[in-house]
Amino acid sequence: DKKVDRLIELNVQEQVFNLCATSIIQNAWKERDDLAVHGMIINIGTGELIDQHCTFTNNDELGEVFAYK
(Lines give C-alpha, C1' and ligand atoms only; values in the text may rest on other atoms or scores of the structure.)
Protein backbone atom coordinates (compact mmCIF):
# COMPACT_ATOMS: atom_id res chain seq x y z
CA ASP A 1 0.00 0.00 0.00
CA LYS A 2 1.46 3.36 -1.04
CA LYS A 3 0.21 5.17 2.07
CA VAL A 4 1.97 2.70 4.36
CA ASP A 5 5.17 2.93 2.31
CA ARG A 6 5.10 6.73 2.53
CA LEU A 7 4.49 6.61 6.28
CA ILE A 8 7.51 4.31 6.65
CA GLU A 9 9.66 6.73 4.61
CA LEU A 10 8.62 9.71 6.72
CA ASN A 11 9.19 7.77 9.93
CA VAL A 12 12.74 6.80 8.91
CA GLN A 13 13.56 10.40 8.00
CA GLU A 14 12.21 11.69 11.31
CA GLN A 15 14.06 9.04 13.33
CA VAL A 16 17.35 9.85 11.59
CA PHE A 17 16.83 13.48 12.55
CA ASN A 18 15.96 12.52 16.14
CA LEU A 19 19.02 10.30 16.41
CA CYS A 20 21.27 13.09 15.18
CA ALA A 21 19.80 15.48 17.73
CA THR A 22 20.99 13.27 20.61
CA SER A 23 23.98 14.23 22.72
CA ILE A 24 25.66 10.91 21.91
CA ILE A 25 25.82 11.58 18.17
CA GLN A 26 26.61 15.27 18.55
CA ASN A 27 29.45 14.57 20.99
CA ALA A 28 30.81 11.99 18.56
CA TRP A 29 30.80 14.64 15.82
CA LYS A 30 32.91 16.87 18.07
CA GLU A 31 35.51 14.11 18.47
CA ARG A 32 35.64 12.86 14.89
CA ASP A 33 34.65 14.05 11.45
CA ASP A 34 34.04 10.73 9.70
CA LEU A 35 30.68 9.92 11.31
CA ALA A 36 27.59 10.03 9.10
CA VAL A 37 24.03 8.90 9.82
CA HIS A 38 22.05 7.60 6.84
CA GLY A 39 18.36 6.78 6.53
CA MET A 40 17.70 3.46 4.82
CA ILE A 41 14.73 1.13 4.48
CA ILE A 42 14.90 -2.57 3.75
CA ASN A 43 11.94 -4.13 1.98
CA ILE A 44 11.63 -7.46 3.77
CA GLY A 45 9.56 -8.86 0.91
CA THR A 46 12.16 -8.25 -1.80
CA GLY A 47 15.35 -7.68 0.19
CA GLU A 48 15.76 -4.32 -1.55
CA LEU A 49 17.67 -1.65 0.36
CA ILE A 50 16.16 1.78 -0.28
CA ASP A 51 18.19 4.92 0.36
CA GLN A 52 16.03 7.70 1.83
CA HIS A 53 18.54 10.39 0.85
CA CYS A 54 18.63 11.79 4.37
CA THR A 55 22.22 11.91 5.55
CA PHE A 56 23.65 14.01 8.36
CA THR A 57 27.38 14.47 8.83
CA ASN A 58 27.38 17.24 11.46
CA ASN A 59 24.97 19.19 13.62
CA ASP A 60 25.14 22.25 11.35
CA GLU A 61 22.60 20.48 9.16
CA LEU A 62 20.13 20.15 12.06
CA GLY A 63 19.61 23.81 12.74
CA GLU A 64 20.87 25.82 15.67
CA VAL A 65 17.91 25.07 17.92
CA PHE A 66 18.78 21.35 17.89
CA ALA A 67 22.53 21.72 18.34
CA TYR A 68 23.78 20.18 21.57
CA LYS A 69 26.06 22.56 23.45
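Determine which member of the set Leu19, Leu35 is within 10 Å of the chain's Cα centre (by Cα) and not in a strand (DSSP E or B). On inspection, the qualifying residue turns out to be Leu19. Whenever a residue of the range 1-26 is among the aromatic types (Phe, Trp, Tyr), its partners that are surrounded by 14 or more Cβ atoms within 10 Å (Cβ to Cβ) and part of a loop (DSSP other than H, G, I, E, B), lying with C-beta atoms within less than 8 angstrom and at least six residues away or across chains, give the pairs Phe17/Leu62.
Selection of the range 28-49 for residues being within 18 Å of Phe17 (Cβ to Cβ) and free of Cβ contacts under 8 Å to residues at least 24 places away in the same chain yields Ala28, Leu35, Ala36, Val37, His38. Within the range 21-37, the residues that satisfy the criterion of being out of contact with any helix residue (DSSP H, G or I) (no Cβ under 7 Å at 6 or more places or on another chain), under 13 Å from Thr57 (Cα atoms) and hydrophobic (A, V, I, L, M, F, W, C) are Ala28, Ala36. When Asp51, Asp5 are checked against the criterion of being surrounded by 10 or more Cβ atoms within 10 Å (Cβ to Cβ), among the acidic types (Asp, Glu), at pLDDT 90 or above and in a strand (DSSP E or B), a single residue qualifies: Asp51.
Here Asn27 passes the criteria (1) polar (S, T, N, Q); (2) more than 14 Å from the chain's Cα centre (by Cα); (3) surrounded by 13 or more Cβ atoms within 10 Å (Cβ to Cβ) except the one numbered (3).
The values are calculated or read from the model by the stated rules, or taken from the named source; none is laboratory data. All values derive from a computational prediction rather than experimental measurement. Every residue, glycine as well, gets a Cβ built from its backbone with ideal geometry; the counts of neighbours run over all protein chains shown.
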